[in-house]
Amino acid sequence: MSGGHFQHAYSSAGNFAEDLKMELDTCNEPDEYGELHNQYEPATRAKLLEIANLAAHVSKLMREAEWLYSGDTGDESFMKRVAKIEADFQPTAAKSNGTC
């Protein structure tokens, strides 16, 4: 499958989700000067994780739309794949490492 109709826009949302999760996972690692950055309250951290999970979910849906418009999938497979993505979605299920 190649996509391309929307210039692979889904990958930007997916990259954002991965980058945000990585930031959350590495927040307890000091920088080269020994300082910690991006230390947030637990509620803020939980909301950031929720946003990362939502962005990953939207990226998957965007990819399916892109593949449909690019002619890589048809109506039936699009609907089946979207239904599976929606059924599997758990906005706060994935946990991030770390405690910051």
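Every number here is computed from the coordinates shown, using simple stated rules; none is lab data. Because the structure is predicted, anything quoted here is derived from the model rather than measured. Here Cβ is always computed from backbone atoms with ideal geometry, including for glycine, and neighbour counts include all displayed protein chains.
When only Cα pairs below 8 angstrom with a gap of at least 6 residues are kept, the chain shows a relative contact order of 46 percent.
Compared with the dominant Cα axis of the chain, that is its longest principal axis, helix 75-88 is turned about 20°.
Computed from Cα positions, the angle between helix 10-25 and the longest principal axis of the chain comes to roughly 20 degrees. Mind giving me the FRET efficiency for T26 and F6? R0 is 41 Å, r the Cβ-Cβ distance, nearest 0.05 is fine. Given R0 = 41 Å and the Cβ-Cβ separation, E is 0.85. About its Cα centre, the range 6-64 has a charge dipole of approximately 440 debye under the convention of +1 per Lys or Arg Cβ and -1 per Asp or Glu Cβ, with nothing else charged. Segment Q39..M79, full-extension length gain: 10.3 nm, with 0.36 nm per residue of separation and the alpha-carbon distance subtracted. Considering only E32, E76, E50, the mean-square fluctuation computed in a Gaussian network model of the chain, springs between alpha carbons under 10 angstrom, is largest for E32. Against the chain, whose longest principal axis comes from its Cα atoms, helix 42-69 is set at around 20 degrees.
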